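Visitor: Would you mind keeping the following structure in view while I ask a few things?
The values are calculated or read from the model by the stated rules, or taken from the named source; none is laboratory data. Model, not experiment: these values are computed from the prediction. For neighbour counting, all protein chains shown are included, and Cβ atoms are generated from backbone atoms with ideal geometry for every residue, glycine included.
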Amino acid sequence: MWTTLAFALATAGAFLIVYFLVAQGIRERSDTWLTGETQVLAQVLADTPRDHLYQRMREIAELATHEVPDDRSARGERLNSVFFLATDSANQEAPLWVGSGPKEAFIAAIQEAKVVPGAPRSIRLEGLRQTFRVVVREQKGTTLYLGLSDGGASRVLQRLARRFFVVWVGMFLLGFVISYWSARGTLTRVERITETVARIGTEDLEERLPEPANSDEISRLASTFNRMLDRIQTSVNQLRTVTGSVAHDLKSPVTSIRGTLESALCETETERWRESVGEAIEHLDRLLLLLNTTLDLAEAEAGALQLDRAPVDLSVAVAQLVDLYQPAMSDREHKVTLDLEEHVFVDADSGLLYRMISNLLENEMTHLPTGCLIAVRLRSQDGSAELVVEDDGPGFPPEILPHAFERFVKGKHSPGHGLGLAFVNAVVQAHGGAVNLFARSEGGAVITVSLPVSVLQPS
Amino acid sequence: MRLLLVEDDVSIQQFLKRALFEAGYRVDTAGTAQAGEALALEGIHDGFIVDLGLPDFDGLELIARCRAQGSSAPVLILSARRSVDERVRGLEQGGDDYLTKPFALAELLARLRNLLRRSAPPPHEPTRLQAADLHLDLVRREVRRGDHLLQLTPQEFSLLEYLCRNEGRVVTRTMILDHVWRMRIDPATNVVDVHIYRLRNKVDPDTSRPLIHTIRGVGYVLKTA
């Protein structure tokens with residue numbers, strides 16, 4: 001609407017400018033003609049004897065008018081009437097007059113307008129619509145007046161103005177119609193998108209908006225909405241998976257806790273009673289660990305894990321954790337070797353990083369039979385820190401290998417809840433790294449964790 | 001010492017009140033933030049325990065208000081929320097320490113002790129430590145039981161030192177990991193237990209006079225039997 005108005009005003013302004021230029025051009029042309037003709041007539045006046053003067057002037061005046069174009073109106077009248085007046089400055093003789101209409105009126109008008117020699121001027125006559133353009137020239141005591149009516153020029157300009165107006169109205173209407181249609185088209189499409197998105201509630205997250213092939217703003221809006229719906233659907237599905245699996249995994253520990261406490265109720269001996277209650281608390285702690293890990297995992301998969309990053313020396317972290325786990329590992333007769341490059345820093349959430357590494361080590365411990373060799377290596381190359389944990393155990397069962405990082409995937413005989421590697425994967429990915437799992441040709445498994453090296457090294 | 005406990009869950013309120021009383025504290029309780037604020041402003045408490053999930057307004061708001069009114073007593077925050085953000089915000093808003101639910105009572109009592117001790121002037125750092133018949137030289141990192149010098153690894157010494165500093169009090173595995181190894185991890189395996197067993201083999205070689213005891217479901221304690 002506003003653009004149409006602005007457009008209309010702009011074109012009107014353009015038309016007005018052109019109109020004035022044309023009017024000015026026409027005026028200049030007629031003025032030039034007037035001035036030129038006056039000179040000619042002055043010459044003739046000087047050359048012609050007085051008695052023949054009137055006839056001569058009439059002839060010339062007639063000739064002059066024929067030179068002006070557009071002389072006839074629709075009714076055949078002469079539009080461009082010319083008048084010629086020559087007066088004696090001393091007013092000794094009667095003025096010479098050539099022209100249509102009463103000369104008194106003309107004379108009166110000239111005197112009123114106080115026309116003087118020089119540039120042409122406009123005069124207005126009583127009772128006549130058209131103005132006359134008059135040029136004055138003085139020569140040897142005689143004053144010459146030559147006038148040309150604006151009739152023809154007016155008609156040209158009027159026609160021009162009419163045509164401009166028609167074209168302007170046409171453009172205005174056209175512009176209005178076009179902008180209305182295109183706006184309505186856009187709004188209709190937006191309205192359709194709004195309706196569809198409002199309809200896609202949590203029951204039917206499958207539906208998507210149609211994405212036409214063109215790449216204008218509305219199509220981009222539609223595809224952005226679709227991507228957002230994809231993400232929402234993924235989150236909702238994950239939520240369903242988590243709540244489903246949490247419910248399932250809670251049942252067993254809760255059952256055993258309940259059972260233990262119930263039997264504690266029947267216990268009369270204090271020491272046995274303490275044992276039962278202590279056991280129940282231990283079950284609860286394990287349950288809490290499962291819950292926390294599941295929550296962290298769900299957060300990480302939804303991309304919502306909050307990281308409190310700082311430069312952490314990965315080398316020191318691995319060494320500390322291996323030191324912590326060493327007695328437990330040697331209890332299971334595992335032999336651990338360390339080959340750590342020093343001062344390898346990563347930008348990481350220290351809590352999550354430590355938990356991730358402890359998960360890796362625990363994974364090794366719980367899945368390997370006694371007497372295995374575990375080699376831990378850390379190298380930094382090309383801006384990436386590579387942590388490798390390699391063992392010579394039985395390796396991953398081949399059917400598990402491609403799914404090892406999914407939740408609750410574990411070998412039939414392995415203890416634990418199957419979240420360890422999923423957690424490692426989630427944390428490493430949240431930090432912009434990657435985890436890989438290989439089977440060794442000589443038997444055993446290799447897990448490699450790569451993380452981007454910290455850009456800023458602490459001083 | 002007199003404490004104010006602001007907690008809306010009645011069963012938690014009850015067991016905490018009992019536990020704190022047994023530990024030698026006098027406890028006032030409030031079930032809403034408003035009631036808590038009214039009691040806090042009386043200025044008669046040495047420390048506060050504030051739960052964040054209160055019915056009327058947030059525990060953090062309560063702490064901020066009390067601090068604004070000039071209260072400087074230490075605050076221990078209890079919350080079910082685990083995110084790092086919440087922890088940082090809690091400490092920024094005027095809390096002095098943060099404990100996630102569910103928590104081990106031993107840990108709550110240990111943190112409370114720490115907080116309340118900070119208000120008092122810090123003691124002169126000892127170079128020797130004695131617990132039961134153990135004598136620890138903290139400078140040379142040596143320990144004797146009676147006259148017998150024990151051969152401990154540096155880690156084992158640190159672990160024994162921590163147990164001795166908390167003589168008579170139960171410490172949880174989480175607390176041990178936090179103070180001795182300076183890590184906050186949730187091990188699914190018995191890593192800490194193995195360290196304790198190895199230490200115990202050296203400290204209590206004969207089982208007639210054990211010093212290190214296991215409290216099922218809680219943790220460990222060092223004391224004469």
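Visitor: Could you check, for the stretch A:147-164, whether at least one of its residues is over 30 Å from A:Glu37 (Cα atoms), at pLDDT 80 or above and either touching a His at 6+ places or on another chain (Cβ under 7 Å) or surrounded by 11 or more Cβ atoms within 10 Å (Cβ to Cβ) (or both)? If you could, list the steps in order and put the result at the bottom.
Guide: In the first step, residues of the stretch A:147-164 are kept if they are over 30 Å from A:Glu37 (Cα atoms); the result is A:162-164.
Right, trim to at pLDDT 80 or above and you get A:162-164.
With either touching a His at 6+ places or on another chain (Cβ under 7 Å) or surrounded by 11 or more Cβ atoms within 10 Å (Cβ to Cβ) (or both) added as a condition, the list becomes A:163-164.
Within the stretch A:147-164 (the criterion being over 30 Å from A:Glu37 (Cα atoms), at pLDDT 80 or above and either touching a His at 6+ places or on another chain (Cβ under 7 Å) or surrounded by 11 or more Cβ atoms within 10 Å (Cβ to Cβ) (or both)), the answer is yes, since at least one residue qualifies.
Visitor: Given the stretch B:34-134, what helices (runs of 4 or more DSSP H) lie entirely inside it while holding 3 or more residues that are more than 21 Å from B:Val170 (Cβ to Cβ) and not basic (Lys, Arg)?
Guide: On the way: elements: B:59-68, B:84-92, B:105-119.
Hits in the stretch B:34-134: B:59-68, B:84-92.
Let's see how each residue does on (1) touching a residue at least 24 places away in the same chain (Cβ under 8 Å); (2) more than 30 Å from B:Glu61 (Cα to Cα):
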| position | (1), (2) |
| --- | --- |
| B:Gly95 | yes, no |
| B:Ala104 | yes, no |
| B:Asn114 | no, no |
| B:Arg141 | no, yes |
| B:Phe157 | no, yes |
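Visitor: Also: May I ask you to list the residues in the stretch B:198-225 that are more than 8 Å from chain A (Cβ to nearest Cβ), surrounded by 15 or more Cβ atoms within 10 Å (Cβ to Cβ) and part of a helix (DSSP H, G or I)?
Guide: Within the stretch B:198-225, B:Leu199, B:Arg200, B:Lys202, B:Val203 meet the criteria.
Visitor: What number goes with the only condition from (1) in contact (Cβ under 8 Å) with a residue 40 or more places away in the chain; (2) within 14 Å of another protein chain (Cβ to nearest Cβ) that A:Pro253 does not pass?
Guide: Failing condition for A:Pro253: (1).
Visitor: Determine whether A:Ser235 is out of contact with any Ser or Thr (no Cβ under 8 Å at 6 or more places or on another chain), more than 14 Å from chain B (Cβ to nearest Cβ) and not acidic (Asp, Glu). Walk me through it before giving the result.
Guide: Numbers: out of contact with any Ser or Thr (no Cβ under 8 Å at 6 or more places or on another chain): yes; more than 14 Å from chain B (Cβ to nearest Cβ): yes; not acidic (Asp, Glu): yes.
Yes: the conditions hold for A:Ser235.
Visitor: Still on this structure: Among the numbered criteria (1) within 10 Å of chain B (Cβ to nearest Cβ); (2) more than 27 Å from B:Glu86 (Cα to Cα), which one does A:Ser358 miss?
Guide: (2)
Visitor: Let me ask another. Could you please let me know if A:Arg220 is without any contact (Cβ under 8 Å) to a residue 24 or more places away in the chain, of a type in the set (Lys, Arg) and within 30 Å of A:Ala298 (Cα to Cα)? Spell out the reasoning first.
Guide: Working: without any contact (Cβ under 8 Å) to a residue 24 or more places away in the chain: yes; of a type in the set (Lys, Arg): yes; within 30 Å of A:Ala298 (Cα to Cα): no.
When the stated conditions are applied, A:Arg220 does not pass them.
Residue by residue, here is whether (1) within 56 Å of the chain's Cα centre (by Cα); (2) farther than 26 Å from A:Leu205 by Cβ; (3) in a helix (DSSP H, G or I) holds:
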{"position": "A:Gln238", "(1), (2), (3)": "yes, no, yes"}
{"position": "A:Ser245", "(1), (2), (3)": "yes, no, yes"}
{"position": "A:Gly259", "(1), (2), (3)": "no, yes, yes"}
{"position": "A:Leu265", "(1), (2), (3)": "no, yes, yes"}
{"position": "A:Thr268", "(1), (2), (3)": "no, yes, no"}
{"position": "A:Ala280", "(1), (2), (3)": "no, yes, yes"}
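Visitor: Hey, can you tell me all the residues within the stretch A:302-331 that are over 19 Å from B:Ile185 (Cβ atoms) and more than 9 Å from every other protein chain (Cβ to nearest Cβ)?
Guide: Matches in the stretch A:302-331: A:Ala302, A:Gly303, A:Ala304, A:Pro311.
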